[in-house]
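A short reminder: the numbers here are calculations on the coordinates, not readings from a lab. Bear in mind that the values here come from a model prediction, so they are computed numbers and not experimental data. Methodologically, a virtual Cβ is constructed for each residue, glycine included, from the backbone with ideal geometry; neighbour enumeration extends over all protein chains shown.
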Amino acid sequence: MDDVELLARMVQCEAGGEGDNGMKAVASVIMNRVRITYGEYGRVAMTLSQAVYQAGQFNCATTTLGGAYNPQNLYNMRPTQVHYDIANWAIAGNRLTNLGQALWFYNPYSPNCRNNFPSNVGYFVIRIGNHCFYNPTSAYAST
């Protein structure tokens, strides 16, 4: 699967119901991980595929969760043109301006986003749809 197809499937899987900005935010996080030059992600010259498939990072990149089949995985996605357009947009270097350099996101399944994620290597920057997004702190550099 090429990079555009992989990112389009991840966008649909992770944020398909979050509107254009939600999908762009998820694509931005994935591409930020590919392009960062320091910390855990920066120590490894990551390709898009390596960023997506890094163990324990994205539920959509695995077919099993907690020992059970995960039906919401990227292999079951059928991206439409909007997903490909967002993937191409992010691969071209575009980012949402209000997102910063976010490296993490998660759905808290509550109205509140925690201030730090995970631990103190990320700080809350914005909520888009159901997802909370986090920029790296200075502590991230030593991860």
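Picking from ASN32, MET10, ASN73, whose Cα lies most toward the positive end of the charge dipole for segment 1-100 (charges on Cβ: Lys, Arg +1; Asp, Glu -1)?
Projecting each Cα onto the dipole axis, the largest value belongs to ASN32.
Kindly provide the pair-distance distribution of the chain built from C-alpha pairs, with 5 Å bins from 0 and whole-percent values in order of increasing distance.
2, 11, 20, 24, 22, 15, 6, 1
List the residues whose amide H sits under 5 Å from the amide H of TYR106, counting only those 5 or more places along or on another chain, with H placed 1.01 Å from N in the peptide plane.
CYS132
Once you keep just the Cα pairs under 8 angstrom separated by 6 or more residues, what percentage relative contact order results for the chain?
Values: 219 pairs, mean separation 40.2, N = 143.
Answer for the chain is 28 percent.
Whole-Hz ³J(HN,Hα) for each residue in segment 113-124, computed from phi via Karplus 6.51 cos²θ - 1.76 cosθ + 1.60 with θ = phi - 60°, x for glycine and proline: what do you get?
Along segment 113-124, the couplings run 9, 6, 6, 10, 7, x, 6, 10, 8, x, 10, 4 Hz.
How do 28-41, 103-116, 61-74 rank on mean C-beta neighbours within 10 Å, highest first? Could the numbers behind the result be given before it?
Numbers: 28-41: 19.1, 103-116: 14.2, 61-74: 12.5.
In decreasing order of mean packing, 28-41, 103-116, 61-74 become 28-41, 103-116, 61-74.
To the nearest 0.05, how large is the calculated FRET efficiency for GLN101 and TYR75 if R₀ is 30 Å and r is the Cβ-Cβ distance? Walk me through the intermediate numbers first.
On the way: r = 29 Å, r/R0 = 0.98.
The pair GLN101/TYR75 has a calculated efficiency of 0.55.
Run lengths n ≥ 4 of DSSP H only: what is the helix-derived mean residue ellipticity at 222 nm for the chain, with -39500 (n - 2.57) per run over all residues, to the nearest 500? Before the final figure, lay out the partial values.
Details: 5 runs with 52 residues, N = 143.
After summing the helix terms and dividing by the residues of the chain, the value is -11000 deg cm²/dmol.
Applying 1/(1 + (r/R0)^6) with R0 = 25 Å to the Cβ-Cβ distance of LEU65 and ASN116, what FRET efficiency is obtained, to the nearest 0.05?
Computed FRET efficiency for LEU65 and ASN116: 0.55.
If amide H atoms are built 1.01 Å from N in the plane of the peptide, which residues on other chains or at least 5 residues away come under 5 Å of the amide H of LEU65?
Result for LEU65 returns ASN70.
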